[in-house]
Amino acid sequence: MKAMVLNDGRFTLETLPDPAPAAGQLLARPLVCGVCGSDLHARDHADHLCDLLQRAGFRGFMDPARPVVMGHEFCCELIEPAGAFATGQRIVGLPFLTGPQGIELIGYSNRYNGAFAEAMLLDAALCLPVPDHVPTDIAALAEPLSVAVHAVAESGADADCAFAVVGCGPVGLFIIARLKALGLGPILAIEPNAARRAMAERMGADIILSPGDAAGPAWWTDLGLPIGMSDAMAVTADQKRRGRAVVFECVGKPGMLMTLAKTCPTGATLVVVGNCMETDPIEPAFLLQKSLTLRFVFAYSPAEFGEAFAMIAANPDRLAPMVTGTVGLTELDSAFAALTGGDGSQVKLLVASA
């Protein structure tokens, strides 16, 4: 099979042996696969990413000194029938397989190739069939949407909350879409890029601002959720339109935690989804005085993946604007360049393996 192999920070098209499924595994042909922000970091800073994951105890994560075939946000079709799945059946699935060291993450494994290839293996127990009415490119959004489903669930979000999503890249936009699908709000979106502010509006944000806009504090105050301690203590029960603020940090840059601690309402929950790869000092006493809750979230469970795909199947058109382009397998370098260029016009760029 042909595959785009990452080796020493460069992609090359190579011919690899066809994967052979073991018991409980499916042999599938990737149709499309999204490019994730973690993919961008892994290409340019593989040593850093791998060191971090291995220090965290992920034994099955890739060795950056060895070749890897990336791609973990996929929709595939079956090459061979297996169990309830027929040849040609479109499927999505969690990107995990069990290897000698335990669970391995497809796309970040030296043993199991990801979807930037003509064939791949999947765990049959972690796969779901794609209904006929769901387009292939929308089905491929199930994995990144699962991250948002998990983040919203871990935030404790309910109808008594008001929300801010800071950073409207793919993860932030998926969180907005998830909140709207659950009927939750109001939602404030904060994003410096105009194209992504427009996309946040399409996903359902109620108010969209640039960072530092003075309208932000006023919006919180109007909801009865002031930023300062004295103002918060003076709020009466009849002034509170919502009981709690939930702020999703989807930027992942140093300084963001303290910036949000200073600008969010007293008593807020800060949900950290952005993957900051650098040391980032905070002032615990400041967070303590404002009674802030800091919650870090990562990945998702199989049940949350199922919830994400059910959301897609219920309304595929909801997320259609997120797919902003498709390139061929040999154009993988250009796809990465488009996403790291900084213009913000690309949100979720898909790679077609066929």
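The values are calculated or read from the model by the stated rules, or taken from the named source; none is laboratory data. Predicted, not measured: the structure shown is a model, and the values here were computed from it. A quick note on method: Cβ atoms are made from the backbone with ideal geometry, for glycine too, and the neighbour counts reach across all protein chains shown. Remember, those area values only see protein heavy atoms, side chains included, never the ligands or the DNA or RNA. Shrake-Rupley method; radii C 1.70, N 1.55, O 1.52, S 1.80 Å.
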Practice item. Taking trypsin sites (Lys or Arg not before Pro) as candidate sites, keep only those in a DSSP loop with at most 12 other Cβ atoms within 10 Å, then name the longest stretch of the chain containing none of them. Key: 60-240
Point to revise | Nearest-0.05 FRET efficiency for residue 298 and residue 2, computed from C-beta distance (R0 45 Å) | key: 0.90
Review point. Any number yet on Rg/Rh for the chain, C-alpha, Kirkwood?
Key: 0.99
Exercise for review: Enter the angle in degrees (range 0 to 90, nearest 10) between the Cα long axis of helix 170-181 and the first principal axis of the Cα atoms of the chain, meaning the one along which they spread out most.
Suggested key: 70 degrees
Point to revise | Set of aspartates and glutamates near residue 180 by C-alpha distance (under 17 Å), chain-local residues within fewer than 8 positions excluded | key: 154, 158, 160, 201, 206, 304, 307, 317
Check your understanding: Given a Förster distance of 45 angstrom, what is the FRET efficiency for residue 80 paired with residue 160, based on the Cβ-Cβ distance and rounded to 0.05?
Key -> 0.35
**Study point:** Gap separating the Cα centres of the stretch 267-297 and the stretch 40-67, nearest whole Å
**Key:** 25 Å
Check your understanding: In whole angstrom, and with the biggest value first, how far do the Cα coordinates of the stretch 110-220 range along each principal axis?
Key -> 52, 31, 29
Review point. Which angle from 0 to 90°, rounded to the nearest 10, does the C-alpha axis of helix 302-314 make with the longest principal axis of the chain?
Key: 90 degrees
Study note, to complete from the structure: So, relative contact order of the stretch 188-346 in percent, Cα under 8 Å, 6 or more apart, is 18 percent
**Study point:** the chain, relative contact order [Cα under 8 Å, separation at least 6], %
**Key:** 18 percent
Exercise for review: Over the stretch 196-354, average the accessible area per residue using a 1.4 Å probe and give it in Å², no decimals.
Suggested key: 48 Å²
Review point. So, with a 1.4 angstrom probe, what is the percent of accessible area on the chain that is carbon and sulfur?
Key: 53 percent
Point to revise | Those lysines that a straight Cα-Cα span of less than 24 Å connects to residue 290, excepting residues fewer than 8 apart in one chain | key: 240, 253, 262
Study note, to complete from the structure: Rounded to the nearest 10, the angle in degrees between the Cα long axis of helix 142-154 and the longest principal axis of the Cα atoms of the chain comes to 30 degrees
Review point. In the stretch 267-354, what GluC sites (Glu not before Pro) fall in a loop by DSSP, with at most 13 other Cβ atoms inside 10 Å?
Key: 278
Exercise for review: Extending each Cα 7 Å along its Cβ direction at residue 47 and residue 324, get the distance between those two points in nm, one decimal.
Suggested key: 3.2 nm
Check your understanding: Which value in nm describes the separation of the simple spin-label points at residue 233 and residue 314, placed 7 Å from the Cα toward the beta carbon?
Key -> 4.3 nm
Point to revise | Whole-Å semi-axes of the ellipsoid equivalent to the stretch 199-354 (Cα gyration tensor, √5λ, descending) | key: 35, 19, 16
Check your understanding: Where does the stretch 238-311 land on the Kirkwood hydrodynamic radius, alpha-carbon pairs, in angstrom?
Key -> 13.9 Å
**Study point:** Nitroxide proxy distance, nm - points 7 Å out along Cα→Cβ at residue 13 and residue 354
**Key:** 1.8 nm
**Study point:** Full-stretch length increase - residue 285, residue 65 - with 0.36 nm per residue and alpha-carbon distance subtracted
**Key:** 75.0 nm
Point to revise | Relative contact order, percent, the stretch 238-319 [alpha-carbon distance under 8 Å, six or more residues apart] | key: 28 percent
Practice item. Please give the FRET efficiency for residue 194 paired with residue 103, using the beta carbon to beta carbon distance and R0 = 41 Å, rounded to the nearest 0.05. Key: 0.50
